[in-house]
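For reference, the structure discussed in these notes is given below.
Just so you know, all these numbers are worked out from the coordinates, no wet-lab data involved. Because the structure is a prediction, the values reported are computed rather than measured. Using ideal geometry, Cβ is built from the backbone for each residue, glycine included, and neighbour counts are taken over all protein chains shown.
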Amino acid sequence: MKRGARFAVICAAAVLALAGCDQQHPQRETPAKPKPAYTGLAELPEHLEADGTTITVGDPKASVTVRLYEDPRCPVCEKFETTGGGPALQEANLRREAKTEYTLASFLDDGLGGAGSKKAVNALRAALEEGKFAEYHAVLYANQPEESNDGFTDDFLLELATKVDGLRGPTFDKAVRSMKYRDFVATSETAYELAHVPGTPTVDINNVRIPSESNAVLFDRAAFARLLREIHEAPWQWDGTQF
């Protein structure tokens, strides 16, 4: 065999050998680029879960799941939502690092009188039907009446709805005034009671309850933000013993 031909055979064999190695050890796939953050509350996915009471907001594939039990008339919930961990949770939702599961209670009406909690929960459910739950939820807590004042009337709830672009309309207005979702209000309160939580707000993160003695973290925006980020980065290490 001539020298040139022998060299060609050797090269061909080398190519085949490399091809065989590639077949046995395929190249690793390039990790998918993270999806961009949502630009605002209006972009957040939101839906009612199959249990008929849980309202989920955020990327379904988020590594952190925050279960939040709230009553719209609860002033402590308002503190959490406006100056505590709520804004940090909202930011984590927008970054796709967390999603929030809401269980809406209405027990304060029984103790304080009136129907403000029930009316607000009904209106929130109506807002979900319009794809505006997250936005309207933020507006309600930013404008919460005094706890002793049964201020979540139909007129006030509709007035607040004007602060959410595209929410007001015949369907939403009728749902608010007619208590269209009264069955949801009742079953959601039952779900809250069956969860045996100590009160509102109560927060579970990835199925681990924030212990009552550590509730201060719920009202420290920076501390809650750090907690969510730590769990997002290493969810397998989170078991609540960090407190």
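The table for this structure:
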read-out	value
222 nm mean residue ellipticity, helices alone, for the chain (DSSP H n ≥ 4; -39,500 (n - 2.57); rounded to 500)	-14000 deg cm²/dmol
Distance (nanometres) between label positions extended 7 Å along Cα→Cβ at residue 54 and residue 213	2.9 nm
Overall Cα dimensions of the chain - principal axes, largest extent first, Å	102, 45, 29
Relative exposure of 137, 232, 196, 47, judged by other C-beta atoms within 10 Å (fewest first)	196, 47, 232, 137
Difference of contour (0.36 nm per residue) and Cα-Cα distance, residue 186 to residue 233	13.2 nm
Filtered GluC sites (Glu not before Pro), the range 135-243: DSSP coil and at most 15 other beta carbons within 10 Å	146
Lysine pairs in the range 41-235 with Cα atoms under 21 Å, if 8 or more residues apart or on separate chains	19
Taking N as its residue count, the alpha carbon Rg of the range 131-232 over 2.2 N^0.38 Å	1.32
Label point at residue 241 placed 7 Å out along Cα→Cβ; residues across the range 194-228 whose backbone nitrogen lies under 13 Å	none
Where GluC sites (Glu not before Pro) fall in DSSP loop in the range 35-127, at most 16 other Cβ within 10 Å	49
Mean separation of Cα contacts under 8 Å, 6 or more apart, over the residue count of the chain: relative contact order %	25 percent
Rounded Å value of the spacing that divides the Cα centres of the range 82-140 and the range 211-232	19 Å
